[in-house]
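Enquirer: Below is a structure I'd like to ask you about.
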Amino acid sequence: MAILDIVKYPKPILLEIAIRVQPDGIEKEQQFIRDMMNTLLDKGGLGLAAPQVNMKKRIIIFRYDKSDIQVLINPVITSTKGKMVSEREGCLSIPNIRRNIKRDRVIVVEGFDRAGNYIKIKPKKNITSFVIQHEIDHLNGITILDGPKKRNLFKQKKGKEARWNLISTIIYKFN
Ligand SMILES: [Zn+2]
């Protein structure tokens, strides 16, 4: 059991695009995922992305209910609904700074759980939606210091393209 060091801005890994975990590599990540969970509990954040602990992989974790921590590997937001809202956000990698970020309130996110099973999550609470979007931003090298322009570059990859990325992962898994 380990508590990992949080990478602080502007370390380059926070500005890079993380790499997808191959389905046959999920087994190998179990210890790392446990360490991520311990780190989140220790630091008291709402979510954590692998690049924040110096691992360039598409793994995020977030608090789902009060005590549960959900793991999402290769997460993709496949749909959004309704109006966007602005909320004040902080980040473990950027201490003492809070910024208003406009995000979707209602999202559907798909990916794989820590056992490598496909999962689809529709968060009931807005805060969970925001945290998931914040953590996925980290996988794309985006932080709360970036403006909407950079964030939108990745938003365009929703819908068809996002779904294709997800499907290609599934095909890989079952081939
Ligand atoms: Zn963050």
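The values are calculated or read from the model by the stated rules, or taken from the named source; none is laboratory data. In this text, all values refer to a predicted model and were calculated from it rather than measured experimentally. FYI the Cβ positions are ideal-geometry reconstructions off the backbone, even for glycines, and counts take in every protein chain you see.
Enquirer: Any residue at all in the stretch 35-53 that's in a strand (DSSP E or B), loosely packed, with under 14 Cβ neighbours inside 10 Å, away from the ligand (no atom under 13 Å from the Cβ) and not aromatic (Phe, Trp, Tyr)?
Expert: no
Enquirer: Residue under question is Glu89, and the condition is that it be modelled with pLDDT of 95 or more and of a type in the set (Asp, Glu); does it hold?
Expert: Against the criterion (modelled with pLDDT of 95 or more and of a type in the set (Asp, Glu)), Glu89 qualifies.
Results for (1) at pLDDT 95 or above; (2) among the charged types (D, E, K, R), shown as yes or no for each residue.
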residue	(1), (2)
Gly44	no, no
Ala49	yes, no
Gln52	yes, no
Met55	yes, no
Ile60	yes, no
Tyr64	no, no
Gln70	yes, no
Pro75	no, no
Lys83	no, yes
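Enquirer: Another question about this same structure. Residues in the stretch 62-76 that are within 16 Å of the ligand (Cβ to nearest atom) and in contact (Cβ under 8 Å) with a residue 60 or more places away in the chain: how many?
Expert: Adding up the residues that qualify gives 4.
Enquirer: Scan the stretch 87-98 for residues that are more than 11 Å from the ligand (Cβ to nearest atom) and either surrounded by 13 or more Cβ atoms within 10 Å (Cβ to Cβ) or over 25 Å from Lys8 (Cβ atoms) (or both) and jot them down.
Expert: Glu87
Enquirer: In addition: How about the stretch 8-28: which of its residues are crowded, with 19+ Cβ neighbours inside 10 Å and at pLDDT 95 or above?
Expert: Leu14
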